[in-house]
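First up is the structure itself, then whatever we jot down about it.
The values are calculated or read from the model by the stated rules, or taken from the named source; none is laboratory data. Just so we're clear, the structure is a prediction, and the values are computed from it rather than from any experiment. Neighbour counts are summed over all protein chains in view; Cβ atoms, including those assigned to glycine, are modelled from backbone coordinates with ideal geometry. Heads up: the accessible areas ignore ligands, DNA and RNA and are worked out on the full protein's heavy atoms, side chains in. Shrake-Rupley method; radii C 1.70, N 1.55, O 1.52, S 1.80 Å.
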Amino acid sequence: MTETPASDRTPRARYDAALATSIERAWQDRWEAERTFWAPNPEGGLAEGFDAMAQRTPLYVLDMFPYPSGAGLHVGHPLGYIGTDVYARYRRMTGCNVLHAMGYDAFGLPAEQYAVQTGQHPRVTTEANIANMQRQLRALGLGHDPRRGVATTDVGYYRWTQWIFLQIFNAWYDDTAERARPIVDLVAEFEAGTRDAAAHGAGIAWSDLDDLGRRRLVDSFRLAYVAEAPVNWCPGLGTVLANEEVTADGRSERGNFPVFRRPLKQWMMRITAYAERLLADLDLLDWTDSIKLMQRNWIGRSTGAEVTFGVAGHEDLGITVFTTRPDTLFGATYMVLAPEHPLVDAITPVEWPGAQFDAQHSEIPVAWRGIFGDGVPPAAAVRSYREFAARKSELERQAEGHVKTGVFTGAFAINPVNGARIPVFIADYVLMGYGTGAIMAVPAHDDRDFAFAREFDLAIIPVVRPDDAWLSGHGVAADDASEWSEAFTGVGVAMGSANEGVTLDGLDTPAAKAAIAEWLAAEGLGTPTTTFKLRDWLFSRQRYWGEPFPIVFDDTGLPIALPESALPVELPEVSDFAPRTSDDPDALPEPPLARAEDWVEVTLDLAGPAWAGYGGGPRTFRREVNTMPQWAGSCWYYLRYLDPENDDALVAAGVERYWMDGVRADGSPAAGGVDLYVGGVEHAVLHLLYARFWHKVLFDLGHVSTVEPFQRLFNQGYIQAYAYTDQRGVYVEAADVVERDGAWFLGDEPVNREYGKMGKSLRNVVTPDDIYTEYGADTLRLYEMFMGPLDASRPWNTTDIVGVHRFLQRLWRNLVDEDSGEVHVADLPADDDTLRLLHRTIDAVRGDMEGMSFNTAIARLFELNNHLTQVVAATGAAPRVVAEAITLMVAPLAPHIAEELWSRMGHPASLAYEPFPAADPAFLVVDAVEVPVQVNGKVRGRITVPVEADPAALEAAARADERVAALLEGATVRKVIAVPGRLVNFVIG
RNA sequence: GCCCGGAUGGCGGAAUCGGCAGACGCGGCGGACUCAAAAUCCGCUGUCCGAGAGGGCGUGCGGGUUCGAGUCCCGCUCCGGGCACCA
């Protein structure tokens with residue numbers, strides 16, 4: 001042993017970054033070698049070790065899996081992963097068999113674009129990125145089962161994504177049974193005649209249909225179908241985009257290219273069939289109200305009525321509108337169809353009507369025909385308006401705000417309640433995709449109709465009397481809307497709404513709705529209807545780096561599902577990964593896979609069903625060249641984690657039931673599924689809605705046992721960071737900025753502070769590696785959990801980290817001699833104060849862990865450790881009972897140091913499955929309690945009383961207090977409030 | 001525009017039921033140890049008045065309910081998020 005010079009002597013076994021790192025590496029290696037976090041399945045290939053776990057409760061903890069970006073992680077990324085790991089580790093110590101794994105959502109545009117630039121195959125960069133991310137995550141000490149970490153790009157994974165697609169394609173929604181059923185059941189019903197093809201869109205009986213007719217009919221029922229639908233077409237990227245990939249100003253999020261609404265033939269998923277169940281089953285879930293609300297709003301259920309209007313001069317035609325306010329039918333002064341509405345051509349006359357047609361106008365007002373109908377016949381006006389509307393990019397649509405445009409079709413509708421002739425317009429403020437694509441316009445009581453009516457000089461007839469406050473506030477009269485500055489959209493009392501059969505006058509809005517609904521139903525003019533904002537899901541992309549569809553087309557152009565035996569359909573090798581791009585909005589999509597001619601054209605011997613007529617003998621087909629959206633792989637990965645190596649099924653039924661069965665501890669009804677799902681709120685709608693939809697289809701078809709995938713959802717907050725700009729407004733390196741007297745400087749130059757996301761462009765990135773080097777991973781974990789509640793966003797502040805690092809150092813020093821590295825834990829009895837604090841801490845920490853309030857759990861552990869410091873200072877050693885308990889309680893949060901301490905205290909095995917300390921109730925009871933004494937609500941003294949002291953005893957004790965007695969001296973006590981265990985309050989006057 | 005969520009010391013935050021506001025940590029101030037510094041340990045730290053004892057004020061703003069309000073109610077302000085012609 002050599003003498004260390006006193007000047008730079010550091011204790012050999014001080015808990016610093018170097019020691020932390022060596023401890024952390026050693027334990028990460030040991031967990032891996034000992035398979036500590038392998039969660040055994042009850043059966044199948046991953047069942048090894050299950051017997052030892054059989055008595056434990058299965059618990060499935062899940063993170064929203066990441067996209068393996070080339071940029072690597074910053075400290076904000078793992079916040080949720082640390083949270084789930086703490087919870088999972090706690091649950092392992094409280095009797096659970098915990099499944100926790102991490103995979104990768106690895107298909108997607110960044111890898112593809114990088115490939116386009118470099119010519120390198122996206123699989124190469126994707127795999128390199130995954131490897132880097134796994135390294136960074138391993139260093140955090142996350143207790144994942146490494147066997148289950150699938151990537152969506154694995155052929156063995158996307159083979160099952162394709163298999164699920166086939167299930168969906170080969171299914172239809174039975175509205176009577178309210179569930180999806182195999183498509184063969186539908187065919188059987190048609191063939192047996194129990195379902196009438198003629199009544200379901202075919203027009204003629206099943207037996208009279210030819211092969212093609214049958215295929216078209218059946219295809220129209222499928223849950224996955226090809227349709228011509230208006231989509232976000234981005235010629236600059238050469239692909240269609242999902243709504244969330246389009247910015248608020250109508251450009252592509254990536255590349256900033258203009259986006260156009262174009263009808264294109266695309267794959268769709270019939271999520272709308274599930275709208276009602278997706279809405280109703282939210283009630284079964286333990287999600288926050290705000291997320292449920294966002295889903296409810298997205299689904300957008302509204303109830304009202306469909307009402308059919310006649311068309312003047314067309315006895316055979318009727319236009320059905322949807323309205324939530326049938327009580328305002330008498331106020332309908334015109335009608336609007338979406339420009340694409342199928343009836344527009346049929347009702348548009350050859351000539352403009354010339355005669356008088358309403359009280360206000362003796363000829364067509366100029367505004368009605370506007371720029372589109374000026375000097376041309378109605379059909380030409382309609383055509384040019386349609387072109388105008390279609391040519392507008394989303395950008396222009398946003399820029400013009402809500403200025404109303406439209407054109408009169410020359411046709412008139414007949415209001416069924418009063419026979420009024422009302423003009424029919426087309427306007428793009430009416431959307432084909434919602435309701436019936438047609439509205440009755442009641443400008444007096446609808447903001448949009450009001451704006452349109454003012455623009456086009458249309459009558460505004462009030463039929464709901466506004467409340468007096470509204471009228472006086474606007475300074476207008478109820479019965480003359482000509483002076484109104486805006487529509488009255490609230491509820492009120494109906495007026496001017498009567499015909500021979502029904503009168504609404506005098507009824508309040510709900511009663512009027514009911515009365516008119518009854519009358520409409522009786523007259524056969526309308527039916528109560530529910531509509532949804534939710535649209536079917538656009539499911540194809542013109543990209544290379546995604547799952548190919550297991551679909552081919554024959555020369556009819558109709559899709560044919562490949563048999564399961566043809567899976568996986570692997571991505572072909574191509575030399576050019578880019579879709580064809582253009583700046584012409586009329587250019588057509590051309591996916592990269594279309595250029596792989598050898599792959600696209602394929603000769604197969606498909607044994608198609610007899611009714612479809614394409615079976616038998618080798619024939620040439622063309623493959624679907626679109627790929628699936630990135631959401632596809634993320635829709636079901638939680639199921640594959642359960643049984644990642646299963647080649648016979650996406651998950652074995654017994655394994656799925658073991659992990660997913662929904663049994664709440666208190667026995668209340670649960671939807672089942674993942675016990676805890678943690679991720680960012682940015683997936684509040686789309687991912688979570690799509691996954692719920694797929695899960696329900698799989699449930700209907702008998703492939704999973706629960707109606708919902710995620711029983712409990714927890715949205716973690718974001719770690720944000722300060723960024724600094726210099727005088728020119730250029731971002732400077734945040735790490736180099738110093739604070740002096742409340743201002744910030746880079747060197748001597750003052751800089752401005754901003755607050756936002758952590759990112760390269762703001763030059764404020766802090767990486768986990770930076771923190772490991774300075775403090776170690778346990779410190780990083782502890783800091784991220786200590787900063788605040790897991791569901792709140794908060795700023796990263798590197799200077800605050802020392803607090804938690806000092807805690808770990810102090811804990812270490814309380815149990816380990818910094819010079820020798822030997823533990824100084826003694827089998828001495830702890831004093832009563834210490835034991836009471838210990839058990840109070842255990843009790844509180846358990847509660848905080850259950851509620852995922854890790855920040856307060858850590859605060860409790862700080863207090864216990866600070867007390868332990870006193871004990872060690874006084875006695876020279878830590879009592880074993882305290883030392884072991886605090887180590888076990890720290891273990892979920894800072895597992896490496898805890899394992900090391902546990903080991904040094906003489907335990908050869910990992911503490912991962914050690915029972916979490918339990919509070920002894922004997923130490924939780926308190927016999928005396930200090931309560932405040934208030935006089936007129938202000939604390940004037942404190943008394944210590946027995947915990948069971950009744951109000952009278954409390955009051956007596958309070959009066960005995962010197963200060964209180966002085967204040968009560970000579971005063972009249974009006975009232976005394978004495979709450980046992982809480983306070984005493986004297987009200988004096 | 002509509003719908004959610006939030007606002008507590010210099011900073012991050014705590015306060016499960018209407019009952020001691022500010023736990024715990026950072027930062028700051030003071031002290032011990034040291035030749036000195038670092039590290040460590042101890043004390044103080046909402047704010048104003050006061051030498052002190054003590055007192056006033058205090059949870060975004062204005063009202064209210066209550067013996068008592070950070071917490072409940074009404075009306076605002078600001079910040080964050082979602083939706084945005086959905087009839």
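Checking each residue in region A:601-633 for being open to solvent by 10 Å² or more (accessible area, probe 1.4 Å) and outside any loop (DSSP other than H, G, I, E, B) picks out A:Glu601, A:Val602, A:Thr603, A:Leu604, A:Arg619, A:Thr620, A:Arg622, A:Arg623, A:Trp631.
A quick yes/no check of all residues on (1) in a loop (DSSP other than H, G, I, E, B); (2) near RNA strand B (Cβ under 10 Å from one of its atoms); (3) touching a strand residue (DSSP E or B) at 6+ places or on another chain (Cβ under 6 Å):
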{"position": "A:Ala273", "(1), (2), (3)": "no, no, yes"}
{"position": "A:Ala280", "(1), (2), (3)": "no, no, no"}
{"position": "A:Met294", "(1), (2), (3)": "no, yes, no"}
{"position": "A:Gly304", "(1), (2), (3)": "no, yes, yes"}
{"position": "A:Asp316", "(1), (2), (3)": "no, no, no"}
{"position": "A:Pro339", "(1), (2), (3)": "yes, no, yes"}
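Note on region A:510-524: among residues that are open to solvent by 60 Å² or more (accessible area, probe 1.4 Å) and touching a residue at least 40 places away in the same chain (Cβ under 8 Å), the one that is farthest from A:Gly490 (Cα to Cα) is A:Glu523.
Filtering region A:105-149 to residues that are touching a Lys or Arg at 6+ places or on another chain (Cβ under 8 Å), modelled with pLDDT of 95 or more and aliphatic (A, V, I, L, M) leaves only A:Leu140. Checked against (1) over 25 Å from the mean Cα position of the chain (by Cα); (2) open to solvent by less than 10 Å² (accessible area, probe 1.4 Å); (3) of a type outside the set (Ser, Thr, Tyr); (4) under 25 Å from A:Ile897 (Cβ atoms), A:Val75 passes all but a single condition, namely (1). State whether the residues of region A:539-560 include one that is assigned to a loop (DSSP other than H, G, I, E, B) and within 16 Å of RNA strand B (Cβ to nearest atom). No, region A:539-560 contains no residue that is assigned to a loop (DSSP other than H, G, I, E, B) and within 16 Å of RNA strand B (Cβ to nearest atom). Taking the listed residues A:Gly680, A:Gly667, the one that is of a type outside the set (D, E, K, R) and either at pLDDT 95 or above or open to solvent by 10 Å² or more (accessible area, probe 1.4 Å) (or both) is A:Gly667, with no other qualifying.
When A:Thr328, A:Thr348 are checked against the criterion of being more than 9 Å from RNA strand B (Cβ to nearest atom) and open to solvent by less than 40 Å² (accessible area, probe 1.4 Å), A:Thr348 stands alone in meeting it.
Quick one: which of A:Val417, A:Val430, A:Val424 is within 14 Å of RNA strand B (Cβ to nearest atom) and modelled with pLDDT of 90 or more? Being within 14 Å of RNA strand B (Cβ to nearest atom) and modelled with pLDDT of 90 or more holds for just one of A:Val417, A:Val430, A:Val424, which is A:Val430.
Just wondering, is there one or more residues in region A:436-457 that are modelled with pLDDT of 90 or more, more than 14 Å from RNA strand B (Cβ to nearest atom), buried (at least 18 other Cβ atoms within 10 Å of the Cβ) and more than 18 Å from A:Phe309 (Cα to Cα)? Within region A:436-457, none of the residues are modelled with pLDDT of 90 or more, more than 14 Å from RNA strand B (Cβ to nearest atom), buried (at least 18 other Cβ atoms within 10 Å of the Cβ) and more than 18 Å from A:Phe309 (Cα to Cα). For region A:203-225, the set of residues classified as modelled with pLDDT under 95 and in contact with an Asp or Glu (Cβ under 9 Å, 6 or more places away or on another chain) consists of A:Ala205, A:Trp206, A:Ser207, listed by residue number. Might you let me know whether region A:865-879 holds any residue that is under 26 Å from A:Pro768 (Cα atoms) and open to solvent by 60 Å² or more (accessible area, probe 1.4 Å)? For region A:865-879, residues under 26 Å from A:Pro768 (Cα atoms) and open to solvent by 60 Å² or more (accessible area, probe 1.4 Å): absent. Restricting the search to strands (runs of 3 or more DSSP E) fully inside region A:150-243 and requiring at least 3 residues that are closer than 30 Å to A:Met64 by Cβ gives A:224-234, A:239-241. Scan region A:52-98 for residues that are within 25 Å of A:Ala684 (Cα to Cα), at pLDDT 90 or above and of a type in the set (Ser, Thr, Tyr) and the total you get is 5.
Okay, residues lined up against (1) within 11 Å of RNA strand B (Cβ to nearest atom); (2) in contact (Cβ under 8 Å) with a residue 40 or more places away in the chain; (3) open to solvent by 10 Å² or more (accessible area, probe 1.4 Å):
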position	(1), (2), (3)
A:Ser761	no, no, yes
A:Asn764	no, yes, no
A:Tyr772	no, yes, yes
A:Asp778	no, yes, no
A:Glu784	yes, yes, no
A:Pro795	yes, yes, yes
A:Asp800	yes, no, yes
A:Arg806	yes, no, yes
A:Trp812	yes, yes, no
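Within region A:884-934, if we keep just the residues that are among the β-branched types (Val, Ile, Thr) and open to solvent by less than 10 Å² (accessible area, probe 1.4 Å), the residue that is nearest to the chain's Cα centre (by Cα) turns out to be A:Val890. Within region A:725-739, is even one residue open to solvent by less than 40 Å² (accessible area, probe 1.4 Å) and in contact (Cβ under 8 Å) with a residue 60 or more places away in the chain? No. Listed conditions (1) away from RNA strand B (no atom under 16 Å from the Cβ); (2) in contact (Cβ under 8 Å) with a residue 12 or more places away in the chain are all met by A:Gly702, apart from (2). Of all positions in region A:282-289, at least one carries a residue that is assigned to a helix (DSSP H, G or I), within 18 Å of the chain's Cα centre (by Cα), more than 16 Å from RNA strand B (Cβ to nearest atom) and in contact (Cβ under 8 Å) with a residue 40 or more places away in the chain. Residues in region A:403-419 that are among the β-branched types (Val, Ile, Thr) and part of a strand (DSSP E or B): A:Val407, A:Thr409, A:Ile414. Taking the criterion of being in contact (Cβ under 8 Å) with a residue 24 or more places away in the chain and either open to solvent by 90 Å² or more (accessible area, probe 1.4 Å) or in a helix (DSSP H, G or I) (or both), the residues of region A:963-979 that qualify are A:Val964, A:Leu967, A:Leu968. If you check A:Ala111, A:Ala47, A:Ala88 for being of a type outside the set (Lys, Arg) and part of a loop (DSSP other than H, G, I, E, B), only one passes: A:Ala47. Here is the figure for region A:680-703: residues that are in contact with a Lys or Arg (Cβ under 9 Å, 6 or more places away or on another chain) and part of a loop (DSSP other than H, G, I, E, B) total 1.
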